[in-house]
Amino acid sequence: MSDLLARHRAVMPNWMALYYNEPIEIVGGKGNRVVDANGKSYLDFFAGILTNMIGYDVPEVREAVERQLATGVVHTSTLYLIRSQVELAEKIARLSGIPDAKVFFTNSGTEANETALLLATYARGSDQVLAMRQSYHGRSFGAVSVTSNRSWKNNSLSPLNVHFLHGADRHLAQFRGMSDADYIAACVDDLRHVLATAVTKDVAALIAEPIQGVGGFTMAPDGLFAAYKEVLDEEGILFISDEVQTGWGRTGSAFFGIQNHGVTPDMMTFAKGLGNGFAVGGIVARGDLMDGPHAVGLSTFGGNPISMAAANATLDYVLDHDLQAKAARTGEIIVSGLREAAERLPVVGDVRGKGLMFAIELVDPATGAPAPALAARFMEETKRLGLLAGKGGLYGSTLRMAPPLTLTEDEAREGLGILVTALEAVNDEAR
Ligand SMILES: Cc1ncc(COP(=O)(O)O)c(C=O)c1O
């Protein structure tokens, strides 16, 4: 064991997992590649869990942060006007499509979701919330209570009364083989049944990830959330889209993931990629909902001048370079290549994705059962070949990848080549 790994194990929590049999330390990065402490270079297909959204060492972001540092002001507090915060809020409000939108900045996705849940429960005078099975929304009490994945849930204590819906689980036996329309109809029937049986009177909100991150990039068929929203609207139930992973054009086909469903939610939460690594999260919501609570509130570090400088520069970069369209193109190269390879590789149970958010499901070729051990093998193999991937899903058998949106077409083809080589190796071993 390396000295740093031993020291890590001694002072960091056990539950903070490390990738790889021999974990790596990333010490440098440029473009869409990183270098570890041994000098080995990797094409980064996980981007610090979708957070290094426009890659490494981006002059526009670095210079924006350096300009702010040069003013001598790192923090002022929200007691004073912060120009960069107002500018970023204006941009996000406009892009959200939410009418009369207002924005509140936090430091993380968890905090953003806590804020959304607070606003919704306050507005509706109810602690009843709907969430999706297999979801992940963060690690605080409120966020854990709407999380639906045993591996990420340490207890059942909850400030909320939560019921979980179908919609991102069509791999289950009872839904397998259904058309999109039939699956959506079955889920809507189930939602109506939950409302009739499991809740009392008013429900505050539904919170959902348009594509489930930790869940393994499982997703509802386009249109499901529009069908859900029709039912929610009948009772005034609010809809919160958790865009922590799916925002900013990542899905290629829409700027926010939920827009793939033709739906405008009442609130969206965001974090991860917006600051390209600088800590920033937030919520964009209908103005009346945002203004609702009677008590004063603030987040000390939320929307601080440094994170705002980074986030404005990152968002401008995404828009100026139309990275959404780029994600659609590069994602298509990779996903179509993976689908082609999957036809001759029985270990691949499923390939799914939208834009630069795609996943491979590994299965036991004999039984079709989820194969977490093969996923672990794939991780070691891609590491050896110089590519960083992610792992997840309910059974730990999903390989999930989300490279920086700046990935070039050549890098997409290079990465695809590595993924296919690694899949072939795992497939050979599994036979
Ligand atoms: C969909 C989603 N929501 C919320 C969170 C929590 O964000 P954070 O880790 O910034 O608190 C995550 C983190 O992985 C996430 O994927």
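Regarding the stretch 259-271, can at least one residue be identified that is hydrophobic (A, V, I, L, M, F, W, C) and under 16 Å from M53 (Cβ atoms)? Yes, the conditions are met somewhere in the stretch 259-271. Report, by residue number, each residue of the stretch 313-355 that is in contact with a strand residue (DSSP E or B) (Cβ under 7 Å, 6 or more places away or on another chain) and among the basic types (K, R). R339, R352, K354 - these are the residues of the stretch 313-355 that are in contact with a strand residue (DSSP E or B) (Cβ under 7 Å, 6 or more places away or on another chain) and among the basic types (K, R). Within the stretch 237-258, residues that are part of a strand (DSSP E or B) and modelled with pLDDT of 95 or more sit with their Cβ atoms under 6 Å from residues that are surrounded by fewer than 24 Cβ atoms within 10 Å (Cβ to Cβ) and of a type in the set (K, R), at 6+ positions apart or across chains, in these pairs: F239/K229. Scanning for something within 16 Å of the ligand (Cβ to nearest atom) and not in a loop (DSSP other than H, G, I, E, B), does the stretch 300-307 turn up at least one residue? Yes, the stretch 300-307 has at least one match. The set of residues in the stretch 330-384 that are modelled with pLDDT of 95 or more and on the phi > 0 side of the Ramachandran plot comprises G353, G355.
Kindly evaluate A120 against the criterion of being within 16 Å of the ligand (Cβ to nearest atom) and within 30 Å of N312 (Cβ to Cβ). Answer is yes for this residue. Taken over the stretch 230-251, the criterion of being within 13 Å of the ligand (Cβ to nearest atom) and within 17 Å of N113 (Cα to Cα) is satisfied by I240, S241, D242, E243, V244, Q245, T246, G247. With respect to the stated conditions, G216 fails to be under 13 Å from A131 (Cβ atoms), under 24 Å from the mean Cα position of the chain (by Cα) and either assigned to a helix (DSSP H, G or I) or in contact (Cβ under 8 Å) with a residue 40 or more places away in the chain (or both). When we screen V263, V318, V284 for residues that are in contact with a Phe, Trp or Tyr (Cβ under 8 Å, 6 or more places away or on another chain) and without any contact (Cβ under 8 Å) to a residue 40 or more places away in the chain, the only hit is V263. When each of N52, N107 is tested for being closer than 24 Å to Q259 by Cα, of a type outside the set (A, V, I, L, M, F, W, C), within 16 Å of the ligand (Cβ to nearest atom) and in contact (Cβ under 8 Å) with a residue 40 or more places away in the chain, the lone residue that passes is N52. State all residues of the stretch 24-49 that are among the aliphatic types (A, V, I, L, M), more than 16 Å from the ligand (Cβ to nearest atom) and either within 22 Å of S307 (Cβ to Cβ) or touching a residue at least 40 places away in the same chain (Cβ under 8 Å) (or both); if no residue qualifies, say none. Those that are among the aliphatic types (A, V, I, L, M), more than 16 Å from the ligand (Cβ to nearest atom) and either within 22 Å of S307 (Cβ to Cβ) or touching a residue at least 40 places away in the same chain (Cβ under 8 Å) (or both): I24, I26, V34, L43.
The values are calculated or read from the model by the stated rules, or taken from the named source; none is laboratory data. Source: prediction; values computed, not measured. Neighbour counts are summed over all protein chains in view; Cβ atoms, including those assigned to glycine, are modelled from backbone coordinates with ideal geometry.
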